[in-house]
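The values are calculated or read from the model by the stated rules, or taken from the named source; none is laboratory data. Predicted model only: the values in this text are computed from it and were never measured. All Cβ positions, even for glycine, are placed from backbone atoms using ideal geometry, and neighbour counts span all protein chains on display. In case anyone asks, the SASA skips ligands and DNA or RNA and just uses the protein heavy atoms, side chains included. Shrake-Rupley method; radii C 1.70, N 1.55, O 1.52, S 1.80 Å.
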Amino acid sequence: MRPERLVQFVAGLLLVGGLAVWALGGAHYLRSLGVWLWVGAFAVMCTPLILLLVERIWTRARRR
Amino acid sequence: MAKPQTRNVSTNDSNDPLNYPSFDDFVAGASRAWSLQGLAERWNQMHPDEPVQAYRDFIVPPSNPTPEAFVDCGKTRVFAALQLIGGGLEVFVAGGALLAPEPTGVTKVVGAVVLLHGVDTLQAAARTILTCDRTATVTQASVTSVAMSVGASPASAQTIGVITDVGIGIGGSFAVGTLARIGAGSGQLVHLTNASSAAAIRGSQALGLGRSTLYAGPQALAKARHWSIIARTGLLPSQASEVILLPSRANSAFLVVQPFGPFSAWQRLSGTVFSSGTGVLNLTTGIFTRTGAAINQLGIYGLDSAIMASVRVAPGVAGATTAPR
(Lines give C-alpha, C1' and ligand atoms only; values in the text may rest on other atoms or scores of the structure.)
Protein backbone atom coordinates (compact mmCIF):
# COMPACT_ATOMS: atom_id res chain seq x y z
CA MET A 1 0.00 0.00 0.00
CA ARG A 2 1.21 3.52 -0.78
CA PRO A 3 2.25 5.42 2.39
CA GLU A 4 -0.18 8.26 1.52
CA ARG A 5 -3.08 5.78 1.26
CA LEU A 6 -2.04 4.19 4.55
CA VAL A 7 -2.20 7.61 6.24
CA GLN A 8 -5.68 8.23 4.81
CA PHE A 9 -6.85 4.75 5.82
CA VAL A 10 -5.63 5.02 9.44
CA ALA A 11 -7.00 8.57 9.79
CA GLY A 12 -10.34 7.45 8.32
CA LEU A 13 -10.52 4.55 10.79
CA LEU A 14 -9.80 6.86 13.73
CA LEU A 15 -12.40 9.36 12.51
CA VAL A 16 -15.12 6.72 12.07
CA GLY A 17 -14.08 5.08 15.36
CA GLY A 18 -14.38 8.43 17.13
CA LEU A 19 -17.81 9.00 15.59
CA ALA A 20 -18.98 5.53 16.67
CA VAL A 21 -17.67 5.93 20.23
CA TRP A 22 -19.21 9.41 20.46
CA ALA A 23 -22.58 8.19 19.16
CA LEU A 24 -22.72 5.05 21.31
CA GLY A 25 -20.96 6.42 24.40
CA GLY A 26 -23.77 8.72 25.54
CA ALA A 27 -23.02 11.48 28.05
CA HIS A 28 -20.15 9.58 29.60
CA TYR A 29 -16.37 9.53 29.57
CA LEU A 30 -16.46 7.41 26.36
CA ARG A 31 -17.42 10.59 24.52
CA SER A 32 -14.13 12.04 25.64
CA LEU A 33 -12.40 8.99 24.14
CA GLY A 34 -14.20 9.74 20.85
CA VAL A 35 -12.78 13.27 20.91
CA TRP A 36 -9.25 11.95 21.39
CA LEU A 37 -9.74 9.54 18.48
CA TRP A 38 -10.62 12.60 16.34
CA VAL A 39 -7.52 14.39 17.55
CA GLY A 40 -5.58 11.23 16.67
CA ALA A 41 -7.06 11.30 13.16
CA PHE A 42 -5.93 14.93 12.83
CA ALA A 43 -2.43 14.04 14.06
CA VAL A 44 -2.14 11.14 11.59
CA MET A 45 -3.24 13.39 8.72
CA CYS A 46 -0.52 15.85 9.79
CA THR A 47 2.33 13.30 9.46
CA PRO A 48 3.00 13.91 5.72
CA LEU A 49 3.03 17.67 6.34
CA ILE A 50 5.50 17.29 9.21
CA LEU A 51 7.66 14.91 7.13
CA LEU A 52 7.70 17.43 4.27
CA LEU A 53 8.73 20.28 6.57
CA VAL A 54 11.52 18.13 8.06
CA GLU A 55 12.64 17.20 4.53
CA ARG A 56 12.79 20.87 3.47
CA ILE A 57 14.79 21.86 6.55
CA TRP A 58 17.12 18.88 5.98
CA THR A 59 17.60 19.72 2.29
CA ARG A 60 18.39 23.37 3.02
CA ALA A 61 20.83 22.42 5.77
CA ARG A 62 22.66 20.05 3.39
CA ARG A 63 22.91 22.74 0.69
CA ARG A 64 24.74 24.99 3.14
CA MET B 1 -18.14 25.25 60.90
CA ALA B 2 -18.25 21.57 61.79
CA LYS B 3 -15.98 20.37 64.50
CA PRO B 4 -12.96 18.35 63.22
CA GLN B 5 -13.29 14.66 63.91
CA THR B 6 -10.75 12.79 65.97
CA ARG B 7 -8.48 10.57 63.92
CA ASN B 8 -9.08 6.90 64.74
CA VAL B 9 -6.16 4.81 63.54
CA SER B 10 -7.31 1.64 65.26
CA THR B 11 -9.97 0.66 62.71
CA ASN B 12 -8.95 -1.31 59.65
CA ASP B 13 -11.52 0.31 57.34
CA SER B 14 -9.55 1.44 54.26
CA ASN B 15 -12.42 3.74 53.26
CA ASP B 16 -12.45 5.70 56.51
CA PRO B 17 -10.85 9.14 55.99
CA LEU B 18 -9.98 9.29 59.68
CA ASN B 19 -7.42 6.54 59.16
CA TYR B 20 -5.29 8.71 56.84
CA PRO B 21 -3.03 11.70 57.59
CA SER B 22 -3.54 13.31 54.14
CA PHE B 23 -6.02 13.27 51.25
CA ASP B 24 -3.36 11.82 48.92
CA ASP B 25 -2.90 8.86 51.27
CA PHE B 26 -6.68 8.45 51.44
CA VAL B 27 -6.93 8.35 47.63
CA ALA B 28 -4.08 5.84 47.45
CA GLY B 29 -5.51 3.58 50.13
CA ALA B 30 -9.27 3.75 49.55
CA SER B 31 -11.22 1.30 47.41
CA ARG B 32 -11.09 1.96 43.65
CA ALA B 33 -14.88 1.81 43.58
CA TRP B 34 -15.04 5.40 44.90
CA SER B 35 -14.88 8.30 42.48
CA LEU B 36 -12.51 11.16 43.26
CA GLN B 37 -15.50 13.40 43.98
CA GLY B 38 -16.93 10.82 46.37
CA LEU B 39 -13.64 10.52 48.23
CA ALA B 40 -13.37 14.32 48.43
CA GLU B 41 -16.88 14.57 49.92
CA ARG B 42 -16.10 11.91 52.53
CA TRP B 43 -12.77 13.57 53.33
CA ASN B 44 -14.35 17.02 53.71
CA GLN B 45 -17.01 15.65 56.08
CA MET B 46 -14.36 14.22 58.36
CA HIS B 47 -11.68 16.89 57.83
CA PRO B 48 -13.49 20.24 57.53
CA ASP B 49 -10.27 21.94 58.62
CA GLU B 50 -8.37 20.56 55.58
CA PRO B 51 -10.93 20.66 52.73
CA VAL B 52 -10.14 19.55 49.21
CA GLN B 53 -11.91 20.38 45.95
CA ALA B 54 -12.19 17.67 43.29
CA TYR B 55 -13.03 18.27 39.65
CA ARG B 56 -13.11 15.31 37.26
CA ASP B 57 -9.70 13.62 37.59
CA PHE B 58 -8.06 16.53 39.36
CA ILE B 59 -7.70 18.13 42.77
CA VAL B 60 -7.85 21.91 42.40
CA PRO B 61 -7.07 24.59 44.98
CA PRO B 62 -10.18 25.09 47.23
CA SER B 63 -9.83 28.84 46.74
CA ASN B 64 -10.30 28.52 42.96
CA PRO B 65 -13.85 29.65 42.10
CA THR B 66 -13.76 28.17 38.56
CA PRO B 67 -12.21 24.72 38.76
CA GLU B 68 -13.31 23.93 35.19
CA ALA B 69 -11.16 26.71 33.80
CA PHE B 70 -8.23 25.64 35.97
CA VAL B 71 -8.37 22.01 34.84
CA ASP B 72 -9.25 22.45 31.18
CA CYS B 73 -6.97 25.37 30.36
CA GLY B 74 -4.37 23.28 28.52
CA LYS B 75 -6.98 21.29 26.63
CA THR B 76 -8.93 24.45 25.76
CA ARG B 77 -5.79 26.01 24.27
CA VAL B 78 -4.98 22.87 22.26
CA PHE B 79 -8.43 22.88 20.67
CA ALA B 80 -8.24 26.65 20.13
CA ALA B 81 -4.93 26.13 18.31
CA LEU B 82 -6.67 23.61 16.01
CA GLN B 83 -9.45 26.17 15.50
CA LEU B 84 -6.76 28.74 14.63
CA ILE B 85 -5.35 26.38 11.98
CA GLY B 86 -8.85 25.84 10.57
CA GLY B 87 -9.47 29.60 10.41
CA GLY B 88 -6.09 30.15 8.74
CA LEU B 89 -6.88 27.56 6.08
CA GLU B 90 -10.27 29.21 5.46
CA VAL B 91 -8.61 32.59 4.93
CA PHE B 92 -6.03 31.00 2.62
CA VAL B 93 -8.65 29.20 0.51
CA ALA B 94 -10.84 32.32 0.36
CA GLY B 95 -7.88 34.49 -0.64
CA GLY B 96 -7.11 32.11 -3.51
CA ALA B 97 -10.74 32.25 -4.64
CA LEU B 98 -10.83 36.06 -4.58
CA LEU B 99 -7.64 36.28 -6.66
CA ALA B 100 -8.54 33.51 -9.13
CA PRO B 101 -9.71 34.55 -12.62
CA GLU B 102 -13.35 33.56 -12.91
CA PRO B 103 -15.99 35.02 -15.19
CA THR B 104 -19.25 34.66 -13.19
CA GLY B 105 -18.26 36.09 -9.82
CA VAL B 106 -19.93 33.25 -7.84
CA THR B 107 -16.56 32.18 -6.48
CA LYS B 108 -15.86 35.75 -5.38
CA VAL B 109 -19.12 35.94 -3.40
CA VAL B 110 -18.58 32.56 -1.71
CA GLY B 111 -14.92 33.46 -1.20
CA ALA B 112 -15.89 36.71 0.57
CA VAL B 113 -18.24 34.79 2.91
CA VAL B 114 -15.52 32.24 3.69
CA LEU B 115 -12.98 35.03 4.24
CA LEU B 116 -15.25 36.78 6.75
CA HIS B 117 -15.96 33.50 8.52
CA GLY B 118 -12.24 32.67 8.56
CA VAL B 119 -11.41 36.01 10.19
CA ASP B 120 -14.24 35.43 12.71
CA THR B 121 -12.79 31.99 13.50
CA LEU B 122 -9.28 33.41 13.88
CA GLN B 123 -10.36 36.13 16.32
CA ALA B 124 -12.37 33.67 18.44
CA ALA B 125 -9.47 31.19 18.53
CA ALA B 126 -6.95 33.92 19.41
CA ARG B 127 -9.18 35.21 22.23
CA THR B 128 -9.63 31.66 23.55
CA ILE B 129 -5.87 31.07 23.57
CA LEU B 130 -5.20 34.37 25.32
CA THR B 131 -7.95 34.19 27.95
CA CYS B 132 -8.24 30.39 28.30
CA ASP B 133 -12.00 30.96 28.25
CA ARG B 134 -13.83 29.26 25.36
CA THR B 135 -15.01 32.10 23.11
CA ALA B 136 -17.73 31.50 20.54
CA THR B 137 -17.39 32.98 17.07
CA VAL B 138 -19.69 35.89 16.20
CA THR B 139 -21.38 33.53 13.72
CA GLN B 140 -22.09 30.93 16.39
CA ALA B 141 -23.26 33.50 18.95
CA SER B 142 -25.57 35.16 16.41
CA VAL B 143 -27.14 31.92 15.19
CA THR B 144 -27.56 30.69 18.79
CA SER B 145 -29.26 33.96 19.69
CA VAL B 146 -31.62 33.78 16.70
CA ALA B 147 -32.46 30.13 17.47
CA MET B 148 -33.31 31.02 21.08
CA SER B 149 -35.44 33.98 19.98
CA VAL B 150 -37.58 31.66 17.83
CA GLY B 151 -38.17 29.30 20.75
CA ALA B 152 -35.32 26.79 20.75
CA SER B 153 -34.09 25.58 24.15
CA PRO B 154 -30.64 26.88 25.21
CA ALA B 155 -29.04 23.48 24.60
CA SER B 156 -30.66 23.08 21.16
CA ALA B 157 -29.80 26.67 20.23
CA GLN B 158 -26.18 26.05 21.23
CA THR B 159 -26.05 22.93 19.05
CA ILE B 160 -27.63 24.77 16.11
CA GLY B 161 -25.06 27.56 16.54
CA VAL B 162 -22.08 25.17 16.58
CA ILE B 163 -23.34 23.14 13.59
CA THR B 164 -24.03 26.29 11.55
CA ASP B 165 -20.64 27.75 12.40
CA VAL B 166 -18.72 24.59 11.49
CA GLY B 167 -20.97 24.03 8.45
CA ILE B 168 -20.26 27.49 7.01
CA GLY B 169 -16.53 26.99 7.47
CA ILE B 170 -16.33 23.52 5.98
CA GLY B 171 -19.11 23.85 3.38
CA GLY B 172 -17.91 27.28 2.26
CA SER B 173 -14.31 26.13 1.87
CA PHE B 174 -15.46 23.03 0.01
CA ALA B 175 -17.60 25.13 -2.33
CA VAL B 176 -14.72 27.50 -3.02
CA GLY B 177 -12.39 24.55 -3.61
CA THR B 178 -14.66 22.99 -6.19
CA LEU B 179 -15.65 26.32 -7.84
CA ALA B 180 -12.20 27.95 -7.97
CA ARG B 181 -10.37 25.91 -10.57
CA ILE B 182 -6.89 27.32 -10.35
CA GLY B 183 -4.67 25.99 -13.14
CA ALA B 184 -1.29 24.39 -12.67
CA GLY B 185 0.68 27.34 -14.07
CA SER B 186 3.38 27.23 -16.72
CA GLY B 187 6.13 25.18 -15.07
CA GLN B 188 6.95 21.77 -16.51
CA LEU B 189 5.14 18.93 -14.71
CA VAL B 190 6.33 15.39 -14.09
CA HIS B 191 4.53 12.19 -13.16
CA LEU B 192 6.40 9.63 -11.04
CA THR B 193 5.68 5.94 -11.44
CA ASN B 194 7.32 2.49 -11.27
CA ALA B 195 9.32 0.84 -14.07
CA SER B 196 6.58 -1.39 -15.48
CA SER B 197 3.97 1.39 -15.57
CA ALA B 198 6.51 3.77 -17.14
CA ALA B 199 7.15 1.27 -19.94
CA ALA B 200 3.41 0.96 -20.60
CA ILE B 201 2.95 4.76 -20.56
CA ARG B 202 5.87 5.32 -22.96
CA GLY B 203 4.64 2.55 -25.23
CA SER B 204 1.11 3.91 -25.51
CA GLN B 205 2.04 7.60 -25.13
CA ALA B 206 -0.99 7.85 -22.84
CA LEU B 207 -1.09 8.55 -19.09
CA GLY B 208 -3.97 7.03 -17.14
CA LEU B 209 -6.54 4.34 -17.84
CA GLY B 210 -9.56 6.58 -17.33
CA ARG B 211 -10.40 5.06 -13.95
CA SER B 212 -8.62 7.35 -11.50
CA THR B 213 -7.46 10.92 -10.93
CA LEU B 214 -4.01 11.72 -12.34
CA TYR B 215 -1.41 13.36 -10.12
CA ALA B 216 1.70 15.29 -11.12
CA GLY B 217 4.23 17.57 -9.50
CA PRO B 218 6.95 20.12 -10.27
CA GLN B 219 10.02 19.09 -12.27
CA ALA B 220 12.19 19.31 -9.13
CA LEU B 221 10.56 16.03 -8.04
CA ALA B 222 12.75 14.24 -10.58
CA LYS B 223 15.78 14.93 -8.38
CA ALA B 224 14.19 13.58 -5.19
CA ARG B 225 15.84 10.50 -3.72
CA HIS B 226 15.15 8.01 -0.91
CA TRP B 227 12.93 9.35 1.90
CA SER B 228 12.59 12.72 0.13
CA ILE B 229 10.32 10.93 -2.35
CA ILE B 230 8.02 9.75 0.45
CA ALA B 231 7.98 13.22 2.01
CA ARG B 232 7.14 14.97 -1.26
CA THR B 233 4.88 12.45 -3.00
CA GLY B 234 3.62 9.92 -0.45
CA LEU B 235 5.05 7.14 -2.63
CA LEU B 236 7.72 4.60 -1.77
CA PRO B 237 10.96 5.09 -3.75
CA SER B 238 10.27 1.81 -5.59
CA GLN B 239 6.86 3.16 -6.66
CA ALA B 240 8.43 6.36 -8.04
CA SER B 241 11.59 5.14 -9.75
CA GLU B 242 10.71 6.53 -13.21
CA VAL B 243 9.97 10.11 -14.26
CA ILE B 244 7.48 10.89 -17.06
CA LEU B 245 7.84 14.45 -18.36
CA LEU B 246 4.45 15.90 -19.31
CA PRO B 247 4.08 18.25 -22.30
CA SER B 248 3.50 21.89 -21.36
CA ARG B 249 0.13 21.85 -23.13
CA ALA B 250 -1.06 19.29 -20.58
CA ASN B 251 -0.82 21.87 -17.74
CA SER B 252 -4.32 23.15 -18.47
CA ALA B 253 -5.70 19.69 -17.52
CA PHE B 254 -4.33 19.98 -13.98
CA LEU B 255 -5.63 21.94 -10.99
CA VAL B 256 -3.87 23.26 -7.90
CA VAL B 257 -4.90 21.54 -4.63
CA GLN B 258 -6.96 23.68 -2.23
CA PRO B 259 -5.90 23.24 1.43
CA PHE B 260 -8.96 22.12 3.45
CA GLY B 261 -6.94 20.43 6.17
CA PRO B 262 -3.53 18.98 6.96
CA PHE B 263 -3.37 16.44 4.14
CA SER B 264 -4.42 18.80 1.35
CA ALA B 265 -2.11 21.45 2.85
CA TRP B 266 0.73 18.93 2.45
CA GLN B 267 -0.28 18.36 -1.19
CA ARG B 268 -0.36 22.11 -1.79
CA LEU B 269 3.05 22.70 -0.19
CA SER B 270 4.66 19.84 -2.10
CA GLY B 271 3.38 21.30 -5.39
CA THR B 272 1.05 18.39 -6.18
CA VAL B 273 -1.53 19.05 -8.90
CA PHE B 274 -4.40 16.78 -9.93
CA SER B 275 -6.34 16.23 -13.12
CA SER B 276 -9.75 17.89 -13.30
CA GLY B 277 -11.32 14.42 -13.37
CA THR B 278 -10.61 10.82 -14.14
CA GLY B 279 -9.41 10.36 -17.69
CA VAL B 280 -6.57 9.76 -20.13
CA LEU B 281 -3.82 12.24 -21.01
CA ASN B 282 -2.31 11.99 -24.48
CA LEU B 283 1.41 12.67 -24.02
CA THR B 284 1.94 13.55 -27.69
CA THR B 285 -0.80 16.16 -28.04
CA GLY B 286 -1.21 17.11 -24.37
CA ILE B 287 -4.98 16.68 -24.69
CA PHE B 288 -6.79 15.30 -21.62
CA THR B 289 -9.92 13.24 -22.23
CA ARG B 290 -12.09 13.43 -19.11
CA THR B 291 -14.22 10.41 -18.20
CA GLY B 292 -15.60 11.37 -14.77
CA ALA B 293 -15.20 13.30 -11.52
CA ALA B 294 -11.88 13.48 -9.64
CA ILE B 295 -13.08 11.00 -7.00
CA ASN B 296 -9.66 10.45 -5.35
CA GLN B 297 -9.12 14.14 -4.67
CA LEU B 298 -12.72 14.70 -3.59
CA GLY B 299 -12.21 11.82 -1.11
CA ILE B 300 -9.12 13.55 0.31
CA TYR B 301 -11.04 16.85 0.55
CA GLY B 302 -13.90 15.04 2.29
CA LEU B 303 -11.65 13.31 4.82
CA ASP B 304 -9.76 16.54 5.55
CA SER B 305 -13.04 18.45 5.94
CA ALA B 306 -14.53 15.81 8.25
CA ILE B 307 -11.43 15.81 10.45
CA MET B 308 -11.36 19.61 10.66
CA ALA B 309 -15.09 19.63 11.51
CA SER B 310 -14.68 16.98 14.20
CA VAL B 311 -11.83 18.80 15.95
CA ARG B 312 -13.91 21.99 15.78
CA VAL B 313 -16.89 20.43 17.57
CA ALA B 314 -14.65 18.40 19.91
CA PRO B 315 -14.44 20.97 22.75
CA GLY B 316 -18.24 21.00 23.05
CA VAL B 317 -18.38 17.20 23.15
CA ALA B 318 -15.49 16.86 25.59
CA GLY B 319 -17.03 19.47 27.87
CA ALA B 320 -20.18 17.35 28.25
CA THR B 321 -18.38 14.39 29.78
CA THR B 322 -18.25 13.13 33.32
CA ALA B 323 -14.96 11.33 33.71
CA PRO B 324 -14.40 8.76 36.43
CA ARG B 325 -11.28 8.73 38.52
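Check B:Ala206: other-chain or 5+ apart residues with amide H under 5 Å from its amide H, H built from backbone geometry?
Close amide H contacts, sequence-distant or interchain: B:Leu283.
Of B:Thr284, B:Ser305, B:Ala206, which is farthest on the positive side of the dipole of the stretch B:189-305, counting Cα position, with +1 on Lys and Arg Cβ, -1 on Asp and Glu Cβ, and the Cα centre as origin?
Working it through, the farthest residue towards the positive pole turns out to be B:Thr284.
Evaluate the charge dipole of the stretch B:189-305 about its Cα centre and quote only its size in Debye, nearest 20, assuming +1 on the Cβ of each Lys and Arg and -1 on the Cβ of each Asp and Glu. The partial results should precede the final answer.
Numbers: 8 positive and 2 negative charges, 34 e Å.
That gives the stretch B:189-305 a dipole magnitude of about 160 debye.
Short version: which residues of the stretch B:237-266 lose at least 20 Å² of accessible area, all chains versus chain alone, 1.4 Å probe?
B:Gln239, B:Pro262, B:Phe263, B:Trp266
If R0 is 51 Å, what FRET efficiency do you get for A:Ile50 and B:Ser156 from their C-beta distance, rounded to 0.05? Intermediate results must be reported in sequence, preceding the final value.
Details: r = 39 Å, r/R0 = 0.77.
Efficiency computed from Cβ-Cβ geometry: 0.85.
What quantity of accessible surface, computed with a 1.4 Å probe and excluding non-protein components, is buried in total between chains A and B, in Å² to the nearest 100? Intermediate results must be reported in sequence, preceding the final value.
On the way: alone 5530 and 17060 Å², together 19550 Å².
Roughly 3100 Å².
So between B:Trp34 and B:Arg181, what do we pick up on full extension, going 0.36 nm a residue minus the alpha carbon distance? Intermediate results must be reported in sequence, preceding the final value.
Details: separation 147, 0.36 × 147 = 52.92 nm, distance 5.93 nm.
So the chain would gain 47.0 nm between B:Trp34 and B:Arg181.
What angle do you read, to the nearest 10 degrees and between 0 and 90, between the alpha-carbon axis of helix B:67-99 and the longest principal axis of chain B?
Computed tilt is about 20 degrees.
About the Cα centre, and with charges only on the beta carbon of Lys, Arg (+1) and Asp, Glu (-1), how big is the dipole of chain B? Nearest 20 debye, please. Can you show the working numbers first?
Values: 21 positive and 17 negative charges, 284 e Å.
That gives a dipole near 1360 debye.
Report, to one decimal in Å, the Kirkwood hydrodynamic radius for the protein assembly as shown based on all distinct Cα pairs. Present the calculation step by step, with values, prior to reporting the outcome.
Numbers: mean 1/r = 0.0410 Å⁻¹.
Taking every pair of different Cα atoms in the protein assembly as shown, averaging 1/r and inverting gives 24.4 Å.
Over all residues in B:300-311, what is the mean tally of Cβ atoms on other chains that come within 10 Å of each residue's Cβ? Provide the component values of the computation, followed by the final result.
Numbers: counts 3, 0, 1, 8, 4, 0, 7, 14, 3, 2, 12, 7.
That works out to 5 on average.
What are the residues whose amide H is under 5 Å from the amide H of B:Gln53, where those residues sit 5 or more places off or on another chain and H is modelled from the backbone?
For B:Gln53, the qualifying residues are B:Val60.
Hey, with R₀ at 22 Å, roughly what FRET efficiency would B:Val243 and B:Ala206 work out to, going by the Cβ-Cβ distance, to 0.05? Show your work: numbers first, answer last.
On the way: r = 17 Å, r/R0 = 0.76.
Efficiency for this residue pair is about 0.85.
Taking each residue of A:9-17 in turn, how many C-beta atoms of other protein chains fall within 10 Å of its C-beta, and what is the average? It would help to have the intermediate numbers written out before the result.
Values: counts 1, 0, 7, 5, 0, 2, 5, 1, 0.
So the per-residue partner count for this stretch is 2.
If you fit an axis through the alpha-carbon atoms of helix A:3-25 and take the longest principal axis of the Cα set of chain A, what angle between them do you get, 0 to 90°, nearest 10?
Around 20 degrees separate the two axes.
Express in Å², to the nearest 10, the accessible area of B:Ser35 obtained by rolling a 1.4 Å probe over the protein heavy atoms while all chains stay in place.
50
Could you pull out every residue, at least 5 positions away or on a different chain, whose amide H is within less than 5 Å of the one on B:Val257? Hs are placed 1.01 Å off N in the peptide plane, and Pro or chain starts have none.
Correct list: B:Phe274.
What accessible surface, in Å², does a 1.4 Å probe find on B:Arg127, ignoring ligands, DNA and RNA and rounding to the nearest 10?
Near enough 120 Å² of accessible area.
Computed FRET efficiency, Cβ-Cβ of B:Val109 and B:Glu41, R0 51 Å: what is it to the nearest 0.05? Don't skip to the answer; put the middle values down first.
Numbers: r = 58 Å, r/R0 = 1.13.
Given R0 = 51 Å and the Cβ-Cβ separation, E is 0.35.
What is the sum of charges around B:His226, taking Lys and Arg as +1, Asp and Glu as -1, for the other residues whose C-beta is under 14 Å from the C-beta of B:His226?
Values: positive: A:Arg62, B:Lys223, B:Arg225, B:Arg232; negative: A:Glu55.
That works out to +3.
Could you report the accessible area of A:Met1 in Å², rounded to 10, computed with a 1.4 Å probe on the protein chains as they sit in the structure?
150
Checking buried surface per residue: for the stretch A:40-56, which residues lose a minimum of 30 Å² accessible area in the protein assembly relative to the chain alone (1.4 Å probe)?
A:Phe42, A:Met45, A:Pro48, A:Leu49, A:Leu51, A:Leu52, A:Glu55, A:Arg56
Taking only protein heavy atoms and a 1.4 Å probe, what accessible area per residue, in Å², does the protein assembly as shown have with all protein chains in place?
Numbers: 19550 Å² over 389 residues.
That works out to 50 Å² per residue.
Any chance you could run the full-extension gain for A:Ile57 through A:Ala43? It's 0.36 nm times the residue separation minus the Cα-Cα distance, nm to one decimal. Don't skip to the answer; put the middle values down first.
Numbers: separation 14, 0.36 × 14 = 5.04 nm, distance 2.04 nm.
Stretched out fully, the A:Ile57 to A:Ala43 stretch lengthens by 3.0 nm.
If I compute solvent accessible area with a 1.4 Å probe over the protein chains, what percent of it on the protein assembly as shown is carbon and sulfur? Numbers along the way, then the final one.
Values: 12490 of 19550 Å².
So the carbon and sulfur contribution to the accessible surface is 64 percent.
For chain B, what does -39500 (n - 2.57) per DSSP helix run (n ≥ 4), summed and divided by total residues, give at 222 nm, in deg cm²/dmol to the nearest 500?
Details: 10 runs with 164 residues, N = 325.
Helix contribution divided over all residues of chain B: -17000 deg cm²/dmol.
Sticking to Cα atoms, compute the Rg of chain B to one decimal and its Dmax as the biggest Cα-Cα distance, whole number, in Å.
Expressed in Å, the Cα Rg and Dmax of chain B come to 28.7, 95.
Using every Cα-Cα pair within the stretch B:189-305, state what percent have a distance larger than 23 Å.
Details: 1747 of 6786 pairs.
For the stretch B:189-305, the fraction of Cα-Cα distances above 23 Å is 26 percent.
By how many nm would the segment from B:Leu298 to B:Thr284 lengthen if fully extended, with 0.36 nm per residue of separation less the alpha-carbon distance? List each step's numbers first, then the result.
Details: separation 14, 0.36 × 14 = 5.04 nm, distance 2.82 nm.
Result for the pair: 2.2 nm of gain on full extension.
Please name whichever of B:Ala126, B:Leu99, B:Asn251 sits farthest to the positive end of the charge dipole of chain B, dipole taken about the Cα centre and charges placed at Cβ: Lys and Arg +1, Asp and Glu -1.
Of the options given, the answer is B:Asn251.
Ranked from the most accessible area to the least, with a 1.4 Å probe and all protein chains present, what is the order of B:Phe174, B:Phe92?
B:Phe92, B:Phe174
If you fit an axis through the alpha-carbon atoms of helix B:138-149 and take the longest principal axis of the Cα set of chain B, what angle between them do you get, 0 to 90°, nearest 10?
60
Hey, what do the phi angles of the stretch B:242-253 turn into as Karplus ³J(HN,Hα) couplings, whole Hz, using 6.51/-1.76/1.60 and θ = phi - 60°, x for Gly and Pro?
10, 10, 9, 7, 9, x, 4, 5, 6, 4, 5, 7
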